[in-house]
Amino acid sequence: MHFKIKDLPTTDVYVKFASGGGPETELSFALATVGSTIPNTDGWYDVTIPLSNFVDQTSYTEFAIMGGWSNGGTFLVTDIYIN
C-alpha cells in the first residue's frame with residue numbers, strides 16, 4: 001500500500017483492514033520507518049506499507065488510514081494505491 005500523508009497528529013500511522021462483520025486488523029507503523037520526506041514540499045511523506053503485514057487479505061472489503069489518538073486530529077492523505 002502506498003500513499004502520501006501530511007500533518008499526522010502523531011509519529012505513527014494506523015492502518016485498518018476490515019470487512020463488515022468479518023475479520024479486522026489494525027496495525028500501527030512508525031512514520032520514520034515506513035515513510036520518507038518528499039523533497040521540496042511543505043511536510044509531505046511518501047509512505048509504503050507492505051500488505052504482508054495483514055493476514056486474511058482476500059476477506060477484506062474496507063480499509064482506513066488513521067492518525068492515532070482514537071482517530072483524532074486532522075491530516076491529509078492523497079495518491080493512495082494498492083499493488
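The values are calculated or read from the model by the stated rules, or taken from the named source; none is laboratory data. Everything numeric here is computed off the predicted structure, so don't read it as measured data. Here Cβ is always computed from backbone atoms with ideal geometry, including for glycine, and neighbour counts include all displayed protein chains. These area figures cover heavy atoms from the full protein model, side chains too; ligands, DNA and RNA do not enter into them. Shrake-Rupley method; radii C 1.70, N 1.55, O 1.52, S 1.80 Å.
Identify the residue in segment 1-10 that is assigned to a strand (DSSP E or B) and charged (D, E, K, R) and, among all such residues, is surrounded by the most Cβ atoms within 10 Å (Cβ to Cβ). It would help to see each step written out before you state the result.
Start the filter on segment 1-10 by keeping residues that are assigned to a strand (DSSP E or B), which leaves 2-6.
Subset that is charged (D, E, K, R): 4, 6.
Details: Lys4: 16, Lys6: 14.
Among residues in segment 1-10 that are assigned to a strand (DSSP E or B) and charged (D, E, K, R), the one surrounded by the most Cβ atoms within 10 Å (Cβ to Cβ) is Lys4.
Please work out which one of (1) within 11 Å of the chain's Cα centre (by Cα); (2) in a loop (DSSP other than H, G, I, E, B); (3) surrounded by fewer than 16 Cβ atoms within 10 Å (Cβ to Cβ) is the condition Ala64 fails and give its number. Ala64 satisfies all of (1) within 11 Å of the chain's Cα centre (by Cα); (2) in a loop (DSSP other than H, G, I, E, B); (3) surrounded by fewer than 16 Cβ atoms within 10 Å (Cβ to Cβ) except (2).
If a residue must be of a type in the set (Ser, Thr, Tyr) and free of Cβ contacts under 8 Å to residues at least 24 places away in the same chain, how many such residues does segment 24-40 contain?
Summing the residues that are of a type in the set (Ser, Thr, Tyr) and free of Cβ contacts under 8 Å to residues at least 24 places away in the same chain in segment 24-40 gives 3.
Applying a threshold of 7 Å to beta carbon distances and a minimum spacing of six or more residues, or different chains, the list of pairs starting in segment 43-60 at a residue that is buried (at least 18 other Cβ atoms within 10 Å of the Cβ) and modelled with pLDDT under 95 and ending at one that is part of a loop (DSSP other than H, G, I, E, B) and hydroxyl-bearing (Ser, Thr, Tyr) reads Tyr60/Ser19. Residues considered: Gly35, Gly72. Of these, the only one that is open to solvent by less than 30 Å² (accessible area, probe 1.4 Å), modelled with pLDDT under 95 and on the phi < 0 side of the Ramachandran plot is Gly72.
Of all residue pairs spaced 6 or more apart or on separate chains, none has beta-carbon atoms under 6 Å together with a first member in segment 11-23 that is on the phi > 0 side of the Ramachandran plot and in a strand (DSSP E or B) and a second member that is among the hydroxyl-bearing types (Ser, Thr, Tyr) and open to solvent by 40 Å² or more (accessible area, probe 1.4 Å).
Taking segment 15-32, which residues are of a type outside the set (Asp, Glu) and open to solvent by 60 Å² or more (accessible area, probe 1.4 Å)? Gly20, Gly21, Ser28, Ala32, listed by residue number. Among the residues of segment 6-53, those that are touching a Gly at 6+ places or on another chain (Cβ under 9 Å), within 17 Å of Ile82 (Cβ to Cβ) and of a type in the set (Ser, Thr, Tyr) comprise Tyr14, Thr48.
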